[in-house]
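Reading through the structure tokens given below for one structure.
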Amino acid sequence: KKKVSFTKEQQALMKVIIDAYNKHQIPQDVAKKLLQDKYSTEENFLLLTEMATSQVQVLVEFTKNIPGFLSLDREDQIALLKGSAVEAMFLRSAQALNKKMPIGHTEVLEERIRKSGISEEFIKPMFNFYKSIGELHMVLEEQALLTTITILTPDRPYVKDQPAVERLQETALDLLRKMCVLHHPQEPQYFARLLGRLTELRTLSHYHAEMLASWRVNDHKFTPLLCEIWDVQ
Ligand SMILES: O=C1N(Cc2ccc(-c3nnn[nH]3)cc2)c2ccc(Br)cc2C12CCN(S(=O)(=O)c1cccs1)CC2
């Protein structure tokens, strides 16, 4: 069994990120609404919109707790949030939906997504991603670090000081690499598999941008926060 040791800084960083990841969860009342018995397409879409709005609020709060994030240039902070919002939301949603739920809850949620007016061409890659995340059986530390790494992607549009973001992302990558060795000693490629999910996330966010255009056409309403972060309307 390979020995993995963490520096004091890495232990402190992990604690801060895990606390932030646990603290900022979707309010249970919003998640519970998803399990109500309503099934019209419009109502499903509205519920997913409500969930997504809540996810963005949770994302902003989580991001503010990433060590070093608030020391970045303020405009770069906004550029990172806007650039990663869809990817971080899909990653967080996939991780949440893969969590153990009471019998039948997962199926209800999956059905709601399928019956929400989202076109099949988007549903397919979305569910492939959701299932591929489930197969990884990530521990909480890996989930929180992967979300952090997604947010701290230096090459988002309009980021001015990319090296500053790279330094933060590399710290999280070093920690994630060690976490993978510690929790998945039998799978030397596990870390590479996790990073491969980030590529799949980028594809999903391109699909999402296309969907937004089509939803706008058939006049789906979004909340002000989603319009702001998704550059809609
Ligand atoms: O809503 C989703 N869900 C259900 C969902 C989301 C979050 C939690 C949760 N529980 N606790 N914490 N989080 C549970 C279920 C889900 C699950 C997996 C993947 Br992959 C993706 C999704 C989306 C993300 C948003 N889109 S969206 O296209 O941006 C869109 C916005 C408005 C209308 S449609 C739809 C699919």
Self-check item: Filter pass, Lys99 being under 21 Å from Met51 (Cα atoms) and out of contact with any Ser or Thr (no Cβ under 7 Å at 6 or more places or on another chain)
Solution: yes
Self-check item: Subset of the stretch 179-189 (residues that are buried (at least 18 other Cβ atoms within 10 Å of the Cβ) and out of contact with any Leu (no Cβ under 8 Å at 6 or more places or on another chain))
Solution: His184
Exercise. With the condition kept exactly as written, say whether any residue in the stretch 216-224 is under 26 Å from Glu120 (Cα atoms) and in a helix (DSSP H, G or I).
Key: yes
Practice problem: Looking only at the stretch 80-100, count how many residues are more than 9 Å from the ligand (Cβ to nearest atom) and either surrounded by fewer than 19 Cβ atoms within 10 Å (Cβ to Cβ) or of a type in the set (S, T, N, Q) (or both). | Solution: 3
Exercise. Select the helices (runs of 4 or more DSSP H) contained entirely in the stretch 51-154, then report the ones holding at least 2 residues which are touching a residue at least 24 places away in the same chain (Cβ under 8 Å) and under 19 Å from Asp29 (Cα atoms).
Key: 74-97, 105-114
Self-check item: Condition broken by Arg197, with the remaining ones in (1) among the charged types (D, E, K, R); (2) surrounded by fewer than 17 Cβ atoms within 10 Å (Cβ to Cβ); (3) within 16 Å of the ligand (Cβ to nearest atom) satisfied
Solution: (2)
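Every read-out reported here was derived from the displayed coordinates using simple, explicitly stated rules and does not represent laboratory data. Since the structure is predicted, the reported quantities are computational estimates derived from the model, not experimental observations. Don't worry about glycine lacking a Cβ; one is built from the backbone with ideal geometry, like all the others, and counts go over all protein chains shown.
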